[in-house]
Amino acid sequence: AQWFDSSYLDDTTKLNDYICTESVETFTANSDGYYLLEAWGAQGGSVPENINGSKTLEAIEGGKGGYSYGIVYLNKDDEIYVVVGCEGKTLMNSVKGTTLEGGYNGGGQALLDVIKNYQGSGGGATHFATNNLGELKNFENNKSDVLLVAGGGGGSYSSTEINYYSVGGFGGGQLGGSATDRKSTRLNS
């Protein structure tokens, strides 16, 4: 996530960059004015071609997170809060029924459904808010306090047991995009 001091984007000065720290970061306005907020959701977990010597069907990238921006007017010393989503994780050849936690700030879980399987969990969202409630899930009753959200991408999937792989869906827009918008296939045996 980045912060810019901006008068409707004229003479923009970059103020802060944030990375996923699994915590809330606080930004304090240094002057009255318009500020451009930009956010990127985290990428979903990827499946590498080779994991600890075991070959997957192929390297498959997790879906990219969405991008979002907006302009907000802040008075000097106003505070807003940012939570940056973390990238999804990779699960490999575990016990059937095992789940893998999604990336910090709302990334979807991965569930191992077959034995010879590699998959990534979803990437977390990045958001800006006017109060410090932590992760996005905590704003259910305070939705109007959320200024901006960029959704995370979906995790990828590869199974040598059923000869199938799929890239993760991507974040962005109102609905994002599904894996079928990118690439997935069942391989012939």
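Read the figures in this text as sums done on the coordinates, not as results from a lab. In this text the structure is predicted, and so the values were computed from the model without any measurement. Neighbour counts are summed over all protein chains in view; Cβ atoms, including those assigned to glycine, are modelled from backbone coordinates with ideal geometry.
Would you mind computing, in nm to one decimal, how far apart the modelled labels at ASN30 and GLU101 are, each placed 7 Å from Cα along Cα→Cβ?
3.5 nm
If a paramagnetic tag sat 7 Å from the Cα of ASN131 along the Cα-Cβ line, which residues of region 68-84 would have the backbone N under 18 Å from that point?
Backbone N within reach: 78-83.
Can you check how the C-alpha radius of gyration of region 74-130 compares to 2.2 N^0.38 Å, as a plain ratio?
Here the Cα radius of gyration is 1.61 times the empirical estimate.
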